[in-house]
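Here the structure comes first, spelled out in structure tokens, and everything after it is commentary.
The values are calculated or read from the model by the stated rules, or taken from the named source; none is laboratory data. Just so it is clear, the model here is predicted, and its values are computed rather than measured. Positions of Cβ are backbone-derived with ideal geometry, glycine not excepted, and every protein chain shown enters the neighbour counts. The accessibility values were calculated without ligands, DNA or RNA, using every heavy atom of the protein model including side chains. Shrake-Rupley method; radii C 1.70, N 1.55, O 1.52, S 1.80 Å.
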Amino acid sequence: MLYDLIIIGAGPAGLTAGIYASTRKLKTLIIDATEAGGQLASLYPEKGIDNYPGYVMTDAGHLAGNLVNHAKSMSCELHEREKAIELKDKSGHLLLVTDKTSYETKAVIIATGMGLFTPKRIGAPGELEFEGKGVYYKLPDRETLEGKKVMFVGGGNSALEMALLVCEQAETCLVHRRESYRADEVIVERVQGSNIEQIMSSQVVEIKGTDHVTSVVIKTDGKLEERPIDAIVVNIGTASEPLEMEGWGVDLEEGLIKVDTDMCTSRRGVFACGDVIAYKGKYKQIVVACGEAAIASNSAYKYIKEPYWAK
Ligand code: NAP
């Protein structure tokens with residue numbers, strides 16, 4: 001079977017590229033090494049999103065689900081848990097080799113995002129010992145936090161948004177190592193208007209407990225303070241595993257794929273979009289990834305069909 005287009009990665013960029021390809025009736029396959037939905041579904045499904053146009057407020061899991069359903073309803077074929085490994089040339093077409101089989105296609109869009117993520121750790125004693133027993137990197141089931149003392153760590157959007165999600169049902173505090181936050185002003189404003197206790201210019205230096213976390217030691221201006229805590233949720237960023245790019249045969253810039261304004265890579269028939277690409281002014285937002293995906297899909301269409309209006 002010969003596909004018109006194969007999209008590697010089923011996050012917002014890959015799914016949007018698939019939706020646009022379907023409006024052009026391209027025979028399209030989207031494959032993903034894990035589950036469809038990308039960072040939205042895997043990293044923070046409960047997180048509120050208030051900057052995706054058309055939704056005053058939605059959550060990441062809902063948006064991811066909608067994107068997946070939209071792509072499927074447009075007849076995109078979707079293969080989950082299949083890892084793309086290498087892109088070869090085959091008689092004027094491309095051959096995508098995966099860990100299960102290989103597929104021949106006229107064009108490819110790479111939309112693999114930032115790769116697989118691992119949460120960054122604080123590095124404090126007790127952190128590893130109590131992981132899953134009071135130390136979390138994703139928000140645990142909110143019901144389990146009801147009435148508990150919960151500490152969030154970090155000053156970015158993720159930490160502040162997570163804290164806002166539970167502050168109504170748990171005694172919530174937020175520890176950040178600086179005097180001001182990195183998060184968007186609108187989110188900071190919500191935190192400041194909430195009942196979240198904000199502990200600024202402070203670092204977590206030790207996590208203590210028995211079979212579960214019971215307290216956390218923080219350091220502020222050189223002074224140590226031990227606070228009784230039931231759960232600590234760490235959101236200090238993520239480290240992505242180095243992206244495996246060798247197999248694509250495209251030019252890179254600081255480890256990401258170089259594209260021109262048409263989302264064309266250095267390799268004929270191969271396009272890219274989303275967090276895996278680099279260009280001056282790149283802004284890592286869902287809506288930007290979706291915009292790039294529409295361009296990549298249109299460029300792939302022009303490459304495959306050579307319509308009269310694109311000559
Ligand atoms: P982030 O923006 O990188 O913030 C990480 C926070 O953790 C920073 O405040 C940082 O402090 C702090 N930190 C880092 N290492 C630390 C350490 N060892 N000890 C204590 N604190 C430490 O990460 P994020 O919040 O996960 O967000 C990641 C990206 O996704 C960002 O681009 C963000 O804008 C985006 N995002 C967007 C939305 C949205 O648009 N609604 C929601 C979530 C995430 P410093 O500030 O001192 O460096």
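Below are the figures for this structure:
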quantity: Given charges at Cβ of Lys, Arg, Asp, Glu: the chain dipole, positive-most of I49, M200, I229; calculated: I49
quantity: Per-residue SASA entry for H79, accessible area with 1.4 Å probe, Å² rounded to 10; calculated: 40 Å²
quantity: Sparsely packed chymotrypsin sites (Phe, Trp or Tyr not before Pro) within region 28-125, loop by DSSP, other Cβ within 10 Å at most 15; calculated: Y55
quantity: Accessible area, probe 1.4 Å, largest first, for residues S91, S180, S299; calculated: S91, S180, S299
quantity: Order of exposure, largest accessible area first, which applies to S22, S201 with probe 1.4 Å; calculated: S201, S22
quantity: Region 151-179 and region 51-103: distance between their alpha carbon centers, rounded to Å; calculated: 33 Å
quantity: Extended-chain gain in nm, criterion 0.36 nm per residue less alpha-carbon gap, E185 and T101; calculated: 25.5 nm
quantity: Normalised contact order of region 121-236, rounded percent, pairs of Cα under 8 Å and 6 or more residues apart; calculated: 35 percent
quantity: Region 20-83: trypsin sites (Lys or Arg not before Pro) falling in loop per DSSP and having at most 15 other Cβ within 10 Å; calculated: K25, R81, K83
quantity: Solvent-accessible area of C290 with every protein chain in place, 1.4 Å probe, in Å² to the nearest 10; calculated: 20 Å²
quantity: Rounded to 10°, Cα long-axis angle of helix 286-305 versus longest principal axis of the chain; calculated: 10 degrees
quantity: Relative contact order (%) - the chain, alpha-carbon pairs under 8 angstrom, separation at least six; calculated: 20 percent
quantity: Gained length - H70 relative to E46, 0.36 nm times residue gap less alpha-carbon distance; calculated: 6.6 nm
quantity: Reach of K284 by Cα under 28 Å, taken over lysines that are not fewer than 8 positions away in the same chain; calculated: K47, K72, K83, K120, K138, K258, K302
quantity: Net charge dipole size for the chain [Lys, Arg +1 and Asp, Glu -1 on Cβ; Debye, nearest 20]; calculated: 1020 debye
quantity: In degrees, nearest ten, helix 60-73 long axis to first principal axis of the chain (Cα); calculated: 20 degrees
quantity: Most to least accessible of Y301, Y136, Y20 (protein chains only, probe 1.4 Å); calculated: Y20, Y136, Y301
quantity: Mean separation of Cα contacts under 8 Å (6+ apart) over length of region 182-305, as relative contact order %; calculated: 12 percent
quantity: Virtual paramagnetic centre 7 Å along Cα→Cβ of E77, amide N under 13 Å, in region 96-117; calculated: 96, 101-106
quantity: Net length gained if the chain between K138 and K25 were fully extended (0.36 nm per residue, minus Cα distance); calculated: 36.8 nm
